[in-house]
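Let me begin by presenting the structure, written as structure tokens, before commenting on it.
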Amino acid sequence: MWSSIRQFIDRHDSFVISSHINPDGDAIGSELGLARFLRQIGKRAVIVNSTDTPDVLRFLDTADEIHVYGEPDVRGLIDGIDAAIIVDVNNWDHLGHIGRALQALSLPRACIDHHQGEVAGFAETTVADTSAAAVGLLILELIRDMKGRVTQDIADPLYAAIITDTGTFRFSNTDARVLRAAAELTDAGANPFEMHRRVFGSKSWGAGRLLGPVLSTLESVAGGKVAVISATLEMVNNAGANYDDTDGFVDLVRAIKGVELVAFFKETTEGDIKVSLRSNGNVDANAMARRFGGGGHTMASGMRLPGPMKRAIEDFLRECARLDDFPVR
């Protein structure tokens with residue numbers, strides 16, 4: 001599986017690594033693990049994203065390795081780079097500003113991903129394994145394939161990547177493959193207790209203040225199979241929070257008996273509505289998102305809808321109510 005990526009890395013000496021806008025733990029952890037491995041084998045690696053690292057994940061970036069496109073001197077970091085490796089995303093829209101820069105530079109591109117539906121021409125070399133619980137798992141397997149050493153500074157971000165996309169091994173994508181990887185990373189120095197505490201147990205006061213207003217928006221359709229919650233910019237600002245603080249809110253709703261799909265609507269500064277879909281296993285969240293021009297995974301997907309919030313929710317609920325049966329796995 002890794003021969004094409006291995007040859008891609010062998011052909012080039014320097015890389016810019018990037019991932020999707022609003023990067024999560026899998027994106028950040030995969031970027032850091034990959035960059036540190038590339039430096040280990042004598043390559044130059046620079047990480048540049050379109051949007052900033054969430055506060056809760058900054059502890060992984062111990063040496064300020066992650067840059068945001070548009071910051072002073074970032075363009076200079078990219079000049080002279082041989083190639084790009086893109087992780088945890090497979091289309092230009094979700095890359096943001098750095099994606100447009102990479103297109104303009106016409107750099108050779110490789111993609112390592114686990115989402116469905118790659119855009120044609122996105123990368124010349126791709127490993128897309130939709131059975132992988134996290135891209136962090138794929139980065140570990142690449143390092144193994146290339147006979148690299150998994151040091152603690154690589155193990156920590158890759159472990160964080162895996163627990164992000166498996167919900168600390170609670171989600172249905174948790175399998176023997178990912179548990180073996182977690183054990184290997186623990187052997188290499190990752191601390192499961194500390195990683196869980198830092199990634200999931202460091203909520204802000206703003207998150208606490210925002211939780212009540214968000215849960216108060218809860219409504220359902222299709223006999224309680226679909227639950228909807230929402231957050232407006234006003235709610236977020238009044239709580240002194242940001243959207244990173246809403247991580248985990250959807251899991252509280254997904255735990256309600258009978259709920260098969262949760263939709264979390266978030267108002268953006270551009271005026272449109274970002275929607276996160278999370279399935280309990282019987283509904284294909286990816287198929288549902290594709291009805292609205294989005295996509296992702298069977299268990300977790302997303303899309304953007306035009307505002308205002310009220311209309312976006314009504315359009316979604318109307319579509320759910322119209323279906324005789326939901327897209328099933």
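The values are calculated or read from the model by the stated rules, or taken from the named source; none is laboratory data. Quantities reported herein were computed from a predicted structural model and do not represent experimental measurements. Don't worry about glycine lacking a Cβ; one is built from the backbone with ideal geometry, like all the others, and counts go over all protein chains shown.
Has the stretch 50-64 got at least one residue that is closer than 20 Å to Ala128 by Cβ, modelled with pLDDT of 95 or more and buried (at least 16 other Cβ atoms within 10 Å of the Cβ)?
No: the stretch 50-64 contains no residue that is closer than 20 Å to Ala128 by Cβ, modelled with pLDDT of 95 or more and buried (at least 16 other Cβ atoms within 10 Å of the Cβ).
Got at least one residue in the stretch 318-327 being surrounded by 16 or more Cβ atoms within 10 Å (Cβ to Cβ), over 25 Å from Gly201 (Cα atoms) and under 20 Å from the mean Cα position of the chain (by Cα)?
Within the stretch 318-327, none of the residues are surrounded by 16 or more Cβ atoms within 10 Å (Cβ to Cβ), over 25 Å from Gly201 (Cα atoms) and under 20 Å from the mean Cα position of the chain (by Cα).
Any idea which of Arg58, Arg109, Arg36, Arg75 is more than 20 Å from the chain's Cα centre (by Cα) and more than 20 Å from Gly294 (Cβ to Cβ)?
Testing whether each residue is more than 20 Å from the chain's Cα centre (by Cα) and more than 20 Å from Gly294 (Cβ to Cβ) leaves just Arg75.
Which of the following residues is in contact (Cβ under 8 Å) with a residue 40 or more places away in the chain and not hydroxyl-bearing (Ser, Thr, Tyr): Gly148, Gly189, Gly208, Gly121?
The unique qualifying residue is Gly148.
Limited to the stretch 284-311, what total is found for residues that are under 28 Å from Glu234 (Cβ atoms) and hydroxyl-bearing (Ser, Thr, Tyr)?
1
Does Asp156 fit the bill of being of a type in the set (D, E, K, R), in contact with a His (Cβ under 9 Å, 6 or more places away or on another chain) and assigned to a helix (DSSP H, G or I)?
It is false that Asp156 is of a type in the set (D, E, K, R), in contact with a His (Cβ under 9 Å, 6 or more places away or on another chain) and assigned to a helix (DSSP H, G or I).
Val214 passes all but one of (1) part of a helix (DSSP H, G or I); (2) assigned by TED's automatic domain parsing to the domain that holds Leu140; (3) not acidic (Asp, Glu); which number fails?
Evaluating Val214 over (1) part of a helix (DSSP H, G or I); (2) assigned by TED's automatic domain parsing to the domain that holds Leu140; (3) not acidic (Asp, Glu) leaves (2) as the failure.
Leu277 fails exactly one of the following numbered conditions: (1) modelled with pLDDT under 90; (2) touching a strand residue (DSSP E or B) at 6+ places or on another chain (Cβ under 8 Å); (3) not basic (Lys, Arg). What is the number of that condition?
(1)
Can Gln103 be described as closer than 29 Å to Glu194 by Cα and without any contact (Cβ under 8 Å) to a residue 60 or more places away in the chain?
So Gln103 fails the test.
To keep it simple, each residue is scored yes or no on (1) closer than 21 Å to Gly294 by Cα; (2) in contact with a strand residue (DSSP E or B) (Cβ under 7 Å, 6 or more places away or on another chain); (3) surrounded by fewer than 24 Cβ atoms within 10 Å (Cβ to Cβ).
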position	(1), (2), (3)
Asp26	yes, no, no
Gly42	no, no, yes
Glu71	no, no, yes
Ile85	no, yes, no
Asp93	yes, no, yes
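Could you please find all residues in the stretch 239-270 being over 19 Å from Pro23 (Cβ atoms) and surrounded by fewer than 13 Cβ atoms within 10 Å (Cβ to Cβ)?
Ala255, Lys257, Gly258
Does Ala263 count as under 20 Å from the mean Cα position of the chain (by Cα) and in contact (Cβ under 8 Å) with a residue 24 or more places away in the chain?
yes
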